[in-house]
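All remarks here apply to the structure that follows.
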Amino acid sequence: MFPAKRFPIKKQAAPLMATLALAALCVAFAFPFVWMFCASFKSDADIFTPFPLLPHHFNPRYYSSLLDGSWIPYPRQFLNSLFIAIVETFLATSFAAGSGYVFAKFHFRHKQPLFILAVLTVLIPRQVLILPLFIWMNKLSLLDTPWSVILPGAASGIGILYFTAIFRRLPDALLDMTRCEGAGEYRVFLGALPLVKPALIAFALIQFVLCWQEHLVPLIMLSTQTHLTVTVGLSSLNAGSMRVPYGLLLAGCTLTVVPTALFFALVHRQFQSALSRLTEA
Amino acid sequence: MSPRRRTRPLPFLLLAPFFTALFVFWFIPLLQGFHLSLESDDLYGNTSFVGFLHYRTLVHDARFWHALRNTFAYCALSVLLILPLALGLAHLLRRTYRKSRALIQFCLMLPGLTPPLVMALLYVLIFSGPFGLLNRVFLHPFGLPNVDWIRDPRFVKPSLALLAMWRWTGFITLIFLSGLEGIPGSYYDTARTEGASAGQLFRYITLPLLRPVTAFVAAFLFLDAFTLFEGAYVLLGGSGGVLDAGLLLISYSYITAFTLGNFGSAVAISFSSLPLLMLVLWFILTQGRIRLFSAVKFSAAKRLPA
Amino acid sequence: MTRLILDDISKTFPGGIEALRAFSLEVAEGELVAIVGPSGCGKSTLLRIIAGLEEQSTGSVSLGDRLLDGLPPKNRDTAIVFQNYTLMPHLTVSENLGFGLKLRGTPRLERKTKVREIAHVLGIVELLERYPAEISGGERQRVALGRAILRRPQIFLFDEPLSSLDAQMRLQLRVEIQKLHQQLRTPMLFVTHDQNEALTLGDRVVVLHQGYTQQCATPDDLYLRPANTFVASFIGSPGMNLFHGRIETKLGVPGFFSPALEFELSEEQVGRLQGRSQVVAGIRPEQLRPADSSPKLRGFVTAIEKQADQTCFYMAHETTTFAAKIPGSTSARPGDWFSWDFPSQKIAFFDEKTGLLL
C-alpha cells in the first residue's frame, strides 16, 4: 500500500485525483452504452446527434417491433440464448467442479496425463476446432439445435484449473471428519460442495456471461432464424441486405446487454470474491 | 493425502462427464479436423486424401502469412496496451473513495459484460461510423487529422486492439486489484523503513509478487484476442478489410470455409496456427512461474514460495 | 545518547476508534522496554507511529535529538521486525538480508560481505541461498532480525516477533534478542501479548489496555506493586486473585468480608483504606499455602494443573473463583474442599470503583 502523503493538503488530494481520473475513464467507457440506451428511443433523425442525450420524444417503437418479432423472432432468440446459457453453465460448472474435486483430493495412476489433457483444451480452444465440430455435429444430427452449442462448451479446461485449485485449498481434515462419521464418498463430496459455494457461484457467473456472449459457435451451428441466439440474430440484422434502421439495432443491443449487466449488479460481491480466489489460485 | 483403500467408484463417476464431453466434443473433432485437413477441398463426400498438401500450400500462401502476422501483431498490441493500463488503474482504484468504488467498477466492467458483437456494433456506429466520435473527441481537439479507423489499413489493427482494450480493461483491472490487495502490507512496511521509494516498492515488491497474476492475465488476453471473431466480423464484414490489413487467422479460416467452401484448407489454416499459439502461451505461463500442478510445474528453475 | 521520547501520543482512527490515548514514554540508551497488553490495546499502532507508517493524531516522537514528526519512514533510522510476512517470498535469504542495503545503494561487494558477516553471527550461513518458504519459522525470524541489524538503526522495534513460533523456537530467539541487546546497546521496543516474555526481556515494562498506559515499571515493581486491578490480574500466571468485599467492624475488630475470603485488618491497613466500606483485596496465587488452622480462604477445587515442579489449583466458592500455586505436588482432587493460608500483611488493596492500588 503506498503511503499517504504527509502534508494534509496532499493527503486529501490523492483520493480526489484518483477518483477524477477514473471517473473520466468511466465516462469514456460507459458513454457508448448510455448513448446506445438513449438513442434507441430517439426518432431516426435524432439518433446521430449525440447531444442532447435524451430524446425529444420518447419513442419505444423499435423495442416493440423487436419484441413482437416483426424483423427477427427476437423473443424466441432471447429465450434460446437464455436456455443455452443456463444449460451450458450448469453442465460446465458441475463437470468441472466434480473433476476438480477428484484431481485435488485423490491419487490415481493416470492423474497427471489426464490433467494435462484437460489443460490442453485451454490451449486448443473451441474456435480453432469450429469447422470439424460443424461437420461432426452434422453427423450427429445435432446441427441447428441448441445442443450443438451447449455440448462443446460443457468441458471447460479453465474450469478444471480453477476448481482443482479451489478444492486443493479445502483442508482434508474437513472431509476426513465426514468420512470418520461413516459417510460414503458420495456423501463426502456432497458435503464438500457447500464449502465452496462462493467459488461455484463465481464460476457459474463468469460462465453464464461468456455463454451469453458467444457468437462464432452459434453463428456456425445454428441456421434457422427461430433457433438463433440473440447475438447472432443481431448480427444478422446488421449484415442483412436490407437497410435496417439504426434505432432497431440499438434497441437490440440494449436488450442484449441488459441481462448480464443486471446480473452483475446483483451479484457484484460474489464476483469480487471470485476474482480474489482466482488470483490466489 | 488420500485414504489407501480399495477402488472407490466415485472419483471415476465424477470424472466421467467431463472426460466424456472432452472426448466426444473436443478430442474427436480434433482428430477429425486433422484428418479433414489432409483431404482435398472438393465438395463433401467427394474428397480424396491429399496428405499434407494444404499445409504445404499454406507455406507459400502470402495471405496466410499476412494473416498470421496480423493476428500476432494485434494480439501482442492488445496485451501490451491493456496490461500497464489495467495495473495503473488498479493502483488508482485503491486510492479512490471507498464509496465510489462500486460504481467505478461497474462502469469499467460493463464492456466486459456485453457481447463482443454489441461492442463491435457500437464501435462501428459510434467511433468510426457516420459521426466518428473517436475522431471528434480525441483527435480534432489536438489538431490531428481525421482517421478512418476501419478503412485505413494502418489503423485497422489498432482499432481491433482498442476494441479489446475497451472490452477487457475493466475486468483485468479488477483482477489486478485483487492481486494487489493480496500482497501483505508488512512487506511494504518493512521496505519503507528500510528506505524504499515508491518506485522501488513497485519494482522490488509489487511487480515480482504480481508475476503469476500478470502471466495469467497476459495468457488470457492473448488467447482471447487470438480467438476473437466478432471484432473482425463486424468491422470488416468477415473479409480482411482494405489490403487485408485486418485479416486475422480466424477470419481467414472462416472465409476459406464458408465463402470459398474449402473446408480442408480452412482446417489446415486453423491447425497450423496452433503450434505458435501454444508456444506463446507456454512461454507466457512459464515466465509467470505459475505452479499449475505440483507434478506439472510450469517453471523449471526457481519455485514460487507459498 | 540515543533516546526515544514519545510525548503525549494519541491516535484516533477514522470511524472514532481510539487506539492510543496520551501515551508518553522515554527509552534510554541501552534499554529494552517491553510493551505488553491484550490484543487490540494499541501496541502495534504505537510501533507503527514510531516507524512512521502511521501518523499520530496528537503528540510528538523524537529520536536522539531529531524530531521525527513529518519524516517518512525511510528517514527515521528505525528498523521494525513483524510477526510474520517479513521476508519477501521471491527473494533468497541473502537477497532478503541485503534488501535494505540494496535500496540504499550499497555496492554489491560490500553488500555481500555484510550479509555474510551477519549470517555468521546469527548462525544462518547455510541458509543463504534458500527461499523463505524452505526454512523454518524460527530461521525466518532470525533472517528478519539480521536484516534489521544491518539497518544499523537508532532503535529496534519488535512487533510480536516470537508470537507465531513454537515454544522451543520462541525461547531460542528470545535468547538471541537478549544477546543482541547486550552487545549492541541500541534501545529496543518490544511489543508482545505474552506477559512472560515481557517480564523476562524488558528492563522496563509498559502495560497497555484499551489505549491507556496502565503502568510503566520494572518487572519487579509490576509484580509486587501493581498499579491497578488490571495490571494485578494481567501479570503473573495465573494473575493476582481479586476478591470484592466489604469492610465491617464485628465485635470491635475491623475486618474484610467476602464469600470466600475473610480476615482481620491491621491498623496500618485500616489507615490505608481510609474509611472505605467496599474494597478489592488482592493475593497472588504463589502467596497461598495449604491451611491447617482456622481457614480464612476456602473453596472447592474445580481443576488441578500439574506443572513440572508446581501445582496450580483452580478454586471456586459460590460466585468467587481464585487460583493457588504451590511448589511440589498434591494429593487433592477436583471436588475437594480446600482451605488456604495467606500472609495478611502482604495483601494488596484496590479501590472498588477506580481499581487503583491503595
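So which helices (runs of 4 or more DSSP H) stay within segment A:132-246 end to end and still have 2 or more residues that are free of Cβ contacts under 8 Å to residues at least 12 places away in the same chain? Let's see the steps before the verdict.
Details: elements: A:147-150, A:157-168, A:172-180, A:185-192, A:197-213, A:216-221, A:230-239.
Answer list for segment A:132-246: A:172-180, A:185-192, A:197-213, A:230-239.
Looking at the structure I just gave you, is A:ILE124 of a type in the set (A, V, I, L, M) and more than 7 Å from chain B (Cβ to nearest Cβ)? Quick ask: steps written out before the conclusion?
Working: of a type in the set (A, V, I, L, M): yes; more than 7 Å from chain B (Cβ to nearest Cβ): no.
So A:ILE124 does not fit the description; no.
What is the one condition in (1) exposed (fewer than 14 other Cβ atoms within 10 Å of the Cβ); (2) farther than 29 Å from C:GLN269 by Cα that C:THR311 does not satisfy?
(1)
Is it the case that some residue within segment C:266-281 is in contact (Cβ under 8 Å) with a residue 24 or more places away in the chain, touching a Lys or Arg at 6+ places or on another chain (Cβ under 7 Å) and of a type in the set (D, E, K, R)?
No, segment C:266-281 contains no residue that is in contact (Cβ under 8 Å) with a residue 24 or more places away in the chain, touching a Lys or Arg at 6+ places or on another chain (Cβ under 7 Å) and of a type in the set (D, E, K, R).
Suppose we filter segment A:76-124 for residues that are surrounded by fewer than 19 Cβ atoms within 10 Å (Cβ to Cβ), β-branched (Val, Ile, Thr) and closer than 30 Å to A:LEU255 by Cβ; how many remain?
Residues meeting the conditions: 2.
Quick one: in segment A:249-267, which of the residues that are touching a Leu at 6+ places or on another chain (Cβ under 6 Å) and among the small types (Gly, Ala, Ser) is farthest from the other protein chains (Cβ to nearest Cβ)?
So, considering only residues that are touching a Leu at 6+ places or on another chain (Cβ under 6 Å) and among the small types (Gly, Ala, Ser), the one farthest from the other protein chains (Cβ to nearest Cβ) is A:ALA251.
Out of all the residues in segment C:68-79, is one or more loosely packed, with under 15 Cβ neighbours inside 10 Å and touching an Asp or Glu at 6+ places or on another chain (Cβ under 8 Å)?
No: segment C:68-79 contains no residue that is loosely packed, with under 15 Cβ neighbours inside 10 Å and touching an Asp or Glu at 6+ places or on another chain (Cβ under 8 Å).
Consider segment C:139-160. How many of its residues are of a type in the set (S, T, N, Q) and part of a helix (DSSP H, G or I)? Quick ask: steps written out before the conclusion?
Restricting attention to segment C:139-160, the residues satisfying the condition of being of a type in the set (S, T, N, Q) are C:141, C:154.
Filter again for part of a helix (DSSP H, G or I), leaving C:141.
Total meeting the criteria: 1.
Check segment C:322-329 and report whether any residue there is more than 28 Å from C:LEU357 (Cβ to Cβ), under 30 Å from the mean Cα position of the chain (by Cα) and part of a strand (DSSP E or B). Outline the logic, then answer.
Step one: of segment C:322-329, the residues more than 28 Å from C:LEU357 (Cβ to Cβ) are C:328-329.
Next cut, under 30 Å from the mean Cα position of the chain (by Cα) only: C:328-329.
From what is left, the residues that are part of a strand (DSSP E or B) are none.
Checking segment C:322-329: not a single residue is more than 28 Å from C:LEU357 (Cβ to Cβ), under 30 Å from the mean Cα position of the chain (by Cα) and part of a strand (DSSP E or B).
Could you tell me whether any residue of segment C:162-172 is within 11 Å of another protein chain (Cβ to nearest Cβ) and touching a residue at least 60 places away in the same chain (Cβ under 8 Å)?
Here is the first cut: in segment C:162-172, the residues within 11 Å of another protein chain (Cβ to nearest Cβ) are none.
Taking every residue of segment C:162-172 in turn, none turns out to be within 11 Å of another protein chain (Cβ to nearest Cβ) and touching a residue at least 60 places away in the same chain (Cβ under 8 Å).
Can you tell me how many residues in segment A:127-143 are in contact with a Gly (Cβ under 6 Å, 6 or more places away or on another chain) and more than 7 Å from every other protein chain (Cβ to nearest Cβ)?
Residues in segment A:127-143 being in contact with a Gly (Cβ under 6 Å, 6 or more places away or on another chain) and more than 7 Å from every other protein chain (Cβ to nearest Cβ): 0 in total.
Just one of the numbered conditions (1) more than 27 Å from C:VAL191 (Cα to Cα); (2) under 32 Å from the mean Cα position of the chain (by Cα); (3) at the interface with chain B (Cβ under 9 Å from one of its Cβ atoms) is not true of C:ARG104; which one?
Result: C:ARG104 fails condition (2) only.
Is there a residue being at pLDDT 85 or above, more than 22 Å from the chain's Cα centre (by Cα) and not β-branched (Val, Ile, Thr) anywhere in segment B:160-170?
Scanning segment B:160-170 turns up no residue that is at pLDDT 85 or above, more than 22 Å from the chain's Cα centre (by Cα) and not β-branched (Val, Ile, Thr).
What single numbered condition from (1) modelled with pLDDT of 90 or more; (2) more than 15 Å from the chain's Cα centre (by Cα) fails to hold for C:GLU176?
(1)
Identify, please: which residue in segment A:72-104 is under 30 Å from A:LEU170 (Cα atoms) and hydroxyl-bearing (Ser, Thr, Tyr) and is, among those, nearest to the other protein chains (Cβ to nearest Cβ)?
Taking segment A:72-104 as the starting set, the residues that turn out to be under 30 Å from A:LEU170 (Cα atoms) are A:85-104.
Next cut, hydroxyl-bearing (Ser, Thr, Tyr) only: A:89, A:93-94, A:99, A:101.
Details: A:THR89: 14, A:THR93: 11, A:SER94: 7, A:SER99: 4, A:TYR101: 6 Å.
It comes out as A:SER99.
Being touching an Asp or Glu at 6+ places or on another chain (Cβ under 9 Å) and of a type in the set (A, V, I, L, M, F, W, C) is true for just one of B:ALA102, B:ALA120. Which residue is that? Explain how you work it out, then say what you get.
Numbers: B:ALA102 fails: touching an Asp or Glu at 6+ places or on another chain (Cβ under 9 Å).
After applying the criteria, what remains is B:ALA120.
Yes/no matrix, rows are residues, columns are (1) surrounded by 22 or more Cβ atoms within 10 Å (Cβ to Cβ); (2) out of contact with any helix residue (DSSP H, G or I) (no Cβ under 7 Å at 6 or more places or on another chain):
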site: A:LEU222; (1), (2): yes, no
site: A:VAL230; (1), (2): yes, no
site: A:LEU237; (1), (2): no, no
site: A:ALA251; (1), (2): yes, no
site: A:VAL258; (1), (2): no, yes
site: A:ARG269; (1), (2): no, yes
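Tell me which strands (runs of 3 or more DSSP E) are completely within segment C:1-95 and hold 1 or more residues being farther than 30 Å from B:TYR204 by Cα, or say none if there are none.
C:4-13, C:17-27, C:32-36, C:58-63
For every residue, the table says whether it meets (1) at positive phi; (2) in contact (Cβ under 8 Å) with a residue 24 or more places away in the chain; (3) of a type in the set (S, T, N, Q); (4) more than 8 Å from every other protein chain (Cβ to nearest Cβ).
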{"residue": "C:ARG66", "(1), (2), (3), (4)": "no, no, no, yes"}
{"residue": "C:PRO73", "(1), (2), (3), (4)": "no, no, no, no"}
{"residue": "C:MET88", "(1), (2), (3), (4)": "no, yes, no, no"}
{"residue": "C:GLU110", "(1), (2), (3), (4)": "no, no, no, yes"}
{"residue": "C:VAL125", "(1), (2), (3), (4)": "no, no, no, yes"}
{"residue": "C:GLN141", "(1), (2), (3), (4)": "no, yes, yes, yes"}
{"residue": "C:LEU145", "(1), (2), (3), (4)": "no, yes, no, yes"}
{"residue": "C:ARG151", "(1), (2), (3), (4)": "no, yes, no, no"}
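Taking B:LEU93 as the residue in question, decide whether it is in contact (Cβ under 8 Å) with a residue 40 or more places away in the chain and surrounded by fewer than 20 Cβ atoms within 10 Å (Cβ to Cβ).
On the way: in contact (Cβ under 8 Å) with a residue 40 or more places away in the chain: yes; surrounded by fewer than 20 Cβ atoms within 10 Å (Cβ to Cβ): no.
Criteria not met by B:LEU93.
Let me confirm something: among B:LEU38, B:LEU15, which residue is over 30 Å from A:ARG269 (Cβ atoms) and in contact with a His (Cβ under 8 Å, 6 or more places away or on another chain)? Steps first, please.
Numbers: B:LEU15 fails: in contact with a His (Cβ under 8 Å, 6 or more places away or on another chain).
Among B:LEU38, B:LEU15, only B:LEU38 is over 30 Å from A:ARG269 (Cβ atoms) and in contact with a His (Cβ under 8 Å, 6 or more places away or on another chain).
Identify, by number, the condition in (1) at pLDDT below 70; (2) of a type outside the set (S, T, N, Q); (3) in a helix (DSSP H, G or I); (4) within 14 Å of B:ALA232 (Cα to Cα) that B:HIS140 doesn't meet.
Here B:HIS140 clears every test but (4).
If I filter segment A:133-171 down to residues being farther than 19 Å from B:LEU31 by Cα and among the β-branched types (Val, Ile, Thr), which single residue comes out as surrounded by the fewest Cβ atoms within 10 Å (Cβ to Cβ)?
A:THR145
Give the residue that is surrounded by the fewest Cβ atoms within 10 Å (Cβ to Cβ), with candidates limited to residues of segment B:175-215 that are outside any helix (DSSP H, G or I), more than 7 Å from every other protein chain (Cβ to nearest Cβ) and within 29 Å of the chain's Cα centre (by Cα). Can you show your working first?
Taking segment B:175-215 and keeping what is outside any helix (DSSP H, G or I), we get B:182-184, B:195-197, B:210.
Applying the additional criterion that residues be more than 7 Å from every other protein chain (Cβ to nearest Cβ) yields B:183, B:197, B:210.
If we keep only those that are within 29 Å of the chain's Cα centre (by Cα) as well, we get B:183, B:210.
On the way: B:ILE183: 15, B:LEU210: 21.
Per the stated criteria, the residue is B:ILE183.
I need the strands (runs of 3 or more DSSP E) fully contained in segment C:240-287, keeping only those with at least 2 residues that are of a type in the set (A, V, I, L, M, F, W, C).
Working: elements: C:241-250, C:253-257, C:262-264, C:278-283.
Output list reads C:241-250, C:253-257, C:278-283.
Any residue in segment B:25-38 that is more than 8 Å from chain A (Cβ to nearest Cβ) sitting within a Cβ distance under 9 Å of a residue that is assigned to a loop (DSSP other than H, G, I, E, B) and surrounded by fewer than 22 Cβ atoms within 10 Å (Cβ to Cβ)? List the pairs, counting only those 6 or more apart or interchain.
Cβ pairs passing all conditions: B:SER37/B:PHE52; B:LEU38/B:VAL50; B:LEU38/B:GLY51; B:LEU38/B:PHE52.
The values are calculated or read from the model by the stated rules, or taken from the named source; none is laboratory data. Model, not experiment: these values are computed from the prediction. No Cβ is skipped: glycine too gets one built from the backbone with ideal geometry, and neighbour counts run over all protein chains shown.
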